Amino acid sequence: MSGAQTPVAPPPPAPGRRGRDEVRTVVRGVGQLLITLGVVVLLFVVYEVYVTDLFGSQKQAAATEAINQVWASAETTTTDTVAVTDPNQLVTDPRQRTPRYETLSGEGFAKLYIPAFGADYRFTVVEGTNSDDLYIGPGHYAETQMPGQQGNFAVAGHRVSKGSPFNDLGLLASCDAVVAETQDDWFVYRVLPMQEEGAGWDGTQHAHCAGVGVQTGQYAGVYGREITVPTDYAQVLPVPHVDSTAVPPDAQRVITLTTCHPQFSDRERMIIHGVLTQSYAKAPGFLPPELGEG
Amino acid sequence: MYVWIWRRLPGPTAVKWLQALGLFLAVVALLFFVVFPWLEPYLPFDRMSTD
C-alpha cells in the first residue's frame, strides 16, 4: 500500500494536477467503501449460516441437559429393573395418558426424533415460538395441544440458522416416523400422504403406513406436506384448516411441524402433518423400534 | 481510508500486518456479536413470526 518510490525528485506539479489527485482520492475512497460493504455482506452470510448454528447448538445442549435432569429426578422409583425387550408390552392407549409435566416458556419439555434424518437426529423441544425460544430449538406453539393429546401438537423450527432443526422437512416422505418423547411416554406420529399420492393411496403398500390414510371429513385436505403463507395460522389449530380453537370430541391426534420456505427465505411456510399411530410407556433401556427405521 | 490507517500503524511491515489482522478480527467480532444479532430481526431471511 506504500507509494511507488522514485529515485529522482518528483516533477513540479502540472496545472490541474491537484484537482486530479482529489478526484483520485475520492474514487479510491468510494471503491474501498464498496469492497468493505461487500466483505460485510459476506460476513453476514457466514454469521447467519454458520455462526448462529454454533450459538444455537450451545443453547440446545443446555436445554437438553436441563430436561435430562428433570426427567432423571422425576423418574418413578420403582424397582422395575427388568429390561423390557418386547415393545408390545409397553404399548399404551394414548387416551389413558395425561401429561404429568408442566411447561415453562423457553424451557424444554419433550424431545423430537425423526429417524429418516439419521439416528442422531434429536432435538429438545422448548415451550414457545418467539425468536429466543426458537434459537434454542424447535418451539411448541404454546396454545396448541401437548404430545399424544387429541388435537394438534404443533412445533415451529428454523429452516436455516440457529441450529437449522427443520432444514430437511422437505425430504420427509409419507409414513416417515416423527417420534416425540415426553417425561413418561413415547408418541410415534407418521407423516400423512402427500397431495399427489392422495388419489392412488394404498395404506397396505408398506408396513409403516398402518394407520396412515388420506384424510376425510373435517380433516379433508390435510396432507403430509403443504406450502402456505405465514398468516395461515389455522394450520396449527386442533383440526388443521378449521378455524376454531375448540378440540372436537372425535378429534384425531395430529402433529404439525412448521418452518420457513423456501430455504433462505421466510416468504412462505412449509407445513408437515402427521397422525399418531403408536405410543409406548417409557421404561429403562427401552427405545421404540420406530427409532431404528433410519 | 485503509492507506490512512496503514500509515498510522507503528513499527516495521511485519508488525503492521499483525496489527492490521488484529484490527480486522476486532471488527469481525464486533459484527458477529453486536451488529448482526441486532440487525437480524429486521431482515427477511428466517423470521419465524407466528402471529
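The values are calculated or read from the model by the stated rules, or taken from the named source; none is laboratory data. Only a predicted model underlies this, so the values are computations on that prediction, with no experimental measurement involved. Positions of Cβ are generated from backbone atoms using ideal geometry, with glycine treated the same way; all protein chains shown enter the neighbour counts.
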* To do: Could you list, in sequence order, all residues of the stretch A:31-47 that are within 10 Å of chain B (Cβ to nearest Cβ) and β-branched (V, I, T)?
  => A:I35, A:T36, A:V39, A:V40, A:V45, A:V46
* Structure fact -> Flagged pairs (Cβ under 6 angstrom, 6 or more apart or on separate chains; first in the stretch A:48-68, within 14 Å of chain B (Cβ to nearest Cβ) and touching a residue at least 24 places away in the same chain (Cβ under 8 Å); second of a type in the set (S, T, N, Q) and surrounded by 14 or more Cβ atoms within 10 Å (Cβ to Cβ)) are A:E48/A:S161; A:T52/A:S161
* Asked: Quick check: is even one residue across the stretch A:31-42 closer than 30 Å to A:Y121 by Cα and either assigned to a helix (DSSP H, G or I) or at pLDDT 90 or above (or both)?
  -> yes
* Asked: Here are some conditions: (1) within 30 Å of B:P44 (Cα to Cα); (2) within 24 Å of the chain's Cα centre (by Cα). A:S244 meets all but one. Which one does it not meet?
  -> (2)
* Structure fact -> (1) at negative phi; (2) modelled with pLDDT under 90 all hold for A:V239 apart from (2)
* Structure fact -> Among the residues of the stretch A:238-286, the number that are in contact (Cβ under 8 Å) with a residue 60 or more places away in the chain, more than 12 Å from every other protein chain (Cβ to nearest Cβ) and part of a loop (DSSP other than H, G, I, E, B) is 12
* the stretch A:47-64, subset under 27 Å from B:A26 (Cα atoms) and loosely packed, with under 14 Cβ neighbours inside 10 Å, residue modelled with the highest pLDDT -> A:Q58
* Structure fact -> When every residue in the stretch A:113-143 that is among the polar types (S, T, N, Q) and surrounded by fewer than 20 Cβ atoms within 10 Å (Cβ to Cβ) is compared, the one nearest to the other protein chains (Cβ to nearest Cβ) is A:S131
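Listed here are the residues, each with its yes/no results for (1) in a loop (DSSP other than H, G, I, E, B); (2) more than 27 Å from A:G285 (Cβ to Cβ).
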{"site": "A:V125", "(1), (2)": "no, no"}
{"site": "A:Q145", "(1), (2)": "yes, yes"}
{"site": "A:S164", "(1), (2)": "yes, yes"}
{"site": "A:G170", "(1), (2)": "no, yes"}
* Asked: Tell me, which residue of the stretch A:187-208 that is within 16 Å of A:I255 (Cα to Cα) and hydrophobic (A, V, I, L, M, F, W, C) is surrounded by the fewest Cβ atoms within 10 Å (Cβ to Cβ)?
  -> A:M194
* Asked: Among the numbered criteria (1) within 25 Å of A:P230 (Cβ to Cβ); (2) free of Cβ contacts under 8 Å to residues at least 24 places away in the same chain, which single criterion is violated by A:L104?
  -> (1)
